[in-house]
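Supplied in structure tokens, the structure appears directly below.
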Amino acid sequence: MILADSILEEFEYDDAVVRKFAVATVVWGVVGMLAGLLIAFQLVVHQLNFDLPYLTFGRLRPIHTNAVIFAFVGNGIFMGVYYSVQRLLKARLFSDALSNVHFWGWQLIIVAAAVTIPLGITTGKEYAELEWPIDIAIAVIWVIFAINFFGTLARRRERHLYVAIWFYIASIVAVALLHIVNSLALPVSLFKSYPVYAGIQDALVQWWYGHNAVAFFLTTPYLGLMYYFMPKAAQRPVYSYRLSVVHFWSLVFLYMWAGPHHLLYTALPQWAQTLGTSFSIMLIAPSWGGMINGLLTLRGAWDKLRTDPVLKFMVAAVTFYGMSTFEGPMMALKSVNALSHYTNWTIGHVHAGALGWNGFLTFAMLYWLFPRLWGAKKLYSDKLATTHFWLGLVGIGMYVLSMWAAGIAEGLMWKEFTPDGRLAYGQWSQTLPTLNPMYWVRGIGGVLYISGVVVMVYNLWKTAKSGRPENQKDSAPALEPLVASGHGRFHRLLEAKPLTFTILTTVAVAAGGAFEIIPSLLIDSNVPTIAAVKPYSPLELEGRDIYVAEGCYNCHSQEVRPFRAETERYGEYSKAGEFIYDRPFQFGSRRIGPDLHRIGGKYPSLWHYRHMQNPRDTSDGSIMPSYPWLLEDPLDLSLTQAKLKAFKTFNAPYTDAEVEGAVDLARAQAAKIAQDIGEPGAADKKIVALIAYMQRLGTDIKGAKP
């Protein structure tokens, strides 16, 4: 409430940092999507891997995911938050210096990721591949962002916290919690570390993080941005304040519980799987509440929708959000997951969210913000923006539909038996002719989507060129007492107490994590011990690290599920006790190639040597890249002893003699493998270590098929 004698205070917003994040959003969006386009076509034209270590699918896929999630979407979040929070709180950002440190620090982190991952410096954990020094940098920059945000909150002139602010608070708190817990690791060197969690424990923590990175990095901040920018663009108030309250609190409480649905039918304990499925189904209600609130905000603005490209992007974005948040819980049903998991269906689902929900809302914000940030009278061309919309919509439609079809097709083919009880598609390559046309459609859809982005870049450049950037000035009275009455009175009073609001949000967010993560720390004591399972030999451990560095987990799983089709194809289903020395776990989330958990002993070492040299020599029709450098690059054993010491620090029962003699043991095993393949000169090459690891997989327990 503004009193009649209130004195207006004049101030100026910091729009310079918003402009920087806007430009970074556009640049990294183009980079990340071009990387995605390349890896899409690598699945149909294997020559596009170029037989170069830095350009293989396994190394580029994490570059694509990190660039789109943390560079494109991340910069989009900071752009939108820094613009909206100043207007909502009627205050300049807390610190210009912190704003600039935040911007440049985040860009340096992105560059560090773009350099280290292609070099094979990776933790091997999806969406969390960056090694420990970069993880620390992320935590520092996130804290700087939080200080800047909460500092602005403390100096606000508007007492009432608008709904967008609620979602920003939840995002800042949750991402910090997720990143720190999942990134706990023991460093071995500047570029190598091992997670403190192992096996199924690591899997649970990782997918608690992975699912909620989607929740609190790709969803909650964007819901806050939706609540700010959609009413602004439509010039209409939010449909329902009461629905906003229910949407917020139910979403931030329920989301943290759903992570285990990524691990159905694995060695994860059944209680965790059931927990994940149950909360995933419950998530439909708040998610659709948010979608309905967003779409109904446009009531009375439908005529404007026909001509305004910004609203077109927003409506499509919110629709994709609703579709994805219905499809996700459906895929968490065990009967559906039995078919969908490890298939391209999941890829279609993820991209509907990332490119449909996040991408389209980001484009809408950019089109709305650029004229205002650069002082232009209007967007350069509404027609070009509309062209972008249709190119993007048709492109993502082709992408998602082709991946749905590919996923269902391959899921059914993997499970199909002939009348005499044999697998109908016993060889992996037999499924590829069915998938290839759909991969081509996906690639063409990607071309259309990126073509739209190129049109946007030109449109935004022309818009910025036509104006002159300057910071917006505003005025507002000093903070006034809040008078809350009517329905929602309690919540409006709560909004006047940011500290209390943040504490309650933290409790709501942390509850699900605590009930999942704390029991997971006790899983080790509940995992049935398998006496035959021993830690990896020094050479096998080095081979495993090479496997992780090459990104093999992006195409291969190591988790045989208890289905007849899988045990017939791969061997005995995977047991929890087999993974107690796996850091990081390697269950995988997608099968572009066959599962490898029982590959040990199935083929002679020479087969593996030739397979890595040229997969087509051993597997007709294979789309796997060649790895000739593994046959040439020297095997570095300088950290082998330190690695064994690290594993012994955890729970691996290495003797002191084994640790001290680690290098000699590795060389002796390497010489034997080199002799087996008839290549004595290979004894000091990376290939022998990788072969040692492959030949070990799945051989610890009896019953594994050769």
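Can you compute 3J(HN,Hα) from phi for each residue in the range 308-321, using the Karplus curve 6.51 cos²θ - 1.76 cosθ + 1.60 with θ = phi - 60°, rounded to whole Hz and x for Gly and Pro?
Computed from phi, the couplings for the range 308-321 are 9, x, 4, 5, 4, 4, 5, 4, 5, 4, 5, 5, 4, 4 Hz.
Lys and Arg at +1, Asp and Glu at -1: add these up for the other residues within a Cβ distance under 12 Å of L366 and post the number.
Working: positive: R19, R372; negative: none.
Residues near L366 contribute +2 overall.
Round to the nearest 0.05 the FRET efficiency obtained for A285 and V457 when R0 = 56 Å and r is the Cβ-Cβ distance. It would help to have the intermediate numbers written out before the result.
Details: r = 39 Å, r/R0 = 0.69.
Efficiency at R0 = 56 Å is approximately 0.90.
Considering only the other residues whose Cβ falls under 12 Å of the Cβ of L38, what net charge follows from Lys and Arg at +1 and Asp and Glu at -1? Please report the intermediate quantities before stating the final value.
Numbers: positive: R59, R61; negative: none.
Around L38, the charge tally is +2.
If the cut-off is a Cα-Cα distance under 17 Å, which aspartates and glutamates reach K643, setting aside same-chain residues fewer than 8 apart in sequence?
Partners found: E131, E540, E542, D545, D582, D656, E658, E660, D664.
Expressed as a whole number of Å, what is the distance separating the alpha-carbon centroids of the range 221-282 and the range 35-78?
28
Let me ask something else. Order these by the 10 Å Cβ neighbour count, fewest first: K334, K377, K645, K686. Intermediate results must be reported in sequence, preceding the final value.
Details: K334 13, K377 9, K645 17, K686 24.
With the sparsest Cβ surroundings first, the list reads K377, K334, K645, K686.
Where Lys and Arg each count +1 and Asp and Glu each count -1, what net charge lies around S402 among other residues with Cβ under 14 Å from its Cβ?
Working: positive: R442; negative: E410.
Overall, the nearby charge balance is 0.
Going through the range 607-706, which GluC sites (Glu not before Pro) have at most 11 other Cβ atoms within 10 Å and a DSSP loop state?
Details: sites: E632, E658, E660; in loops: E632.
Loop-located and lightly packed - E632.
A further question follows. Give the aspartates and glutamates whose C-alpha is closer than 13 Å to that of K312, dropping any in the same chain fewer than 8 places away, or say none.
D303, D382
Rounded to the nearest 0.05, what FRET efficiency do F650 and V246 have when you use their Cβ-Cβ distance and R0 = 51 Å? Display every interim value, and only then the final one.
Details: r = 44 Å, r/R0 = 0.86.
So, using R0 = 51 Å, E works out to roughly 0.70.
How much mean residue ellipticity at 222 nm does the chain get from its helices, if each DSSP H run of length 4 or more adds -39500 (n - 2.57) and you divide by all residues, to the nearest 500 deg cm²/dmol?
Counting only the DSSP helices, I get -19500 deg cm²/dmol.
I need to check one value: relative contact order of the chain, counting alpha carbon pairs closer than 8 Å and at least 6 residues apart, in percent. Walk me through the numbers before you get to the answer.
Numbers: 1162 pairs, mean separation 125.1, N = 706.
Here the relative contact order equals 18 percent.
With respect to the cross-link table entries K575/K602; K192/K686; K473/K497; K575/K645; K534/K648, which display a Cα-Cα separation exceeding 24 Å?
Those over the limit are K473/K497; K575/K645.
Further question: To make sure I understand, if each residue's beta carbon is the centre and we count other beta carbons within 10 Å, what order do F70, F50 fall in, fewest to most? Please report the intermediate quantities before stating the final value.
Details: F70 22, F50 12.
Ranked by crowding around the Cβ, least crowded first: F50, F70.
Taking the Cβ-Cβ separation of R610 and F191 as r and a Förster radius of 25 Å, what is the calculated FRET efficiency to the nearest 0.05? Don't skip to the end; give the middle numbers.
Numbers: r = 31 Å, r/R0 = 1.22.
Computed FRET efficiency for R610 and F191: 0.25.
Would you mind ranking L412, L697, L644 by Cβ crowding within 10 Å, fewest neighbours first? All intermediate terms of the calculation are to be shown ahead of the outcome.
Details: L412 14, L697 22, L644 27.
Taking fewest neighbouring Cβ atoms as first place, the list is L412, L697, L644.
For Rg and Dmax of the Cα atoms in Å, several values are listed as (1) 26.4, 92; (2) 24.9, 77; (3) 32.6, 106; flag the one computed from this structure.
Given (1) 26.4, 92; (2) 24.9, 77; (3) 32.6, 106, the structure-derived one carries the label (1).
Taking the alpha-carbon distance from K90 and a cut-off under 14 Å, which aspartates and glutamates remain once sequence neighbours fewer than 8 residues away in the same chain are dropped?
E9, E10, E12, D14, D15, E158, D474, E480
The numbers here are math on the coordinates, done by the rules we state, and not lab data. Just so it is clear, the model here is predicted, and its values are computed rather than measured. Because the Cβ atoms are built from the backbone with ideal geometry, glycine has one as well, and the counts that use them run over all protein chains shown.
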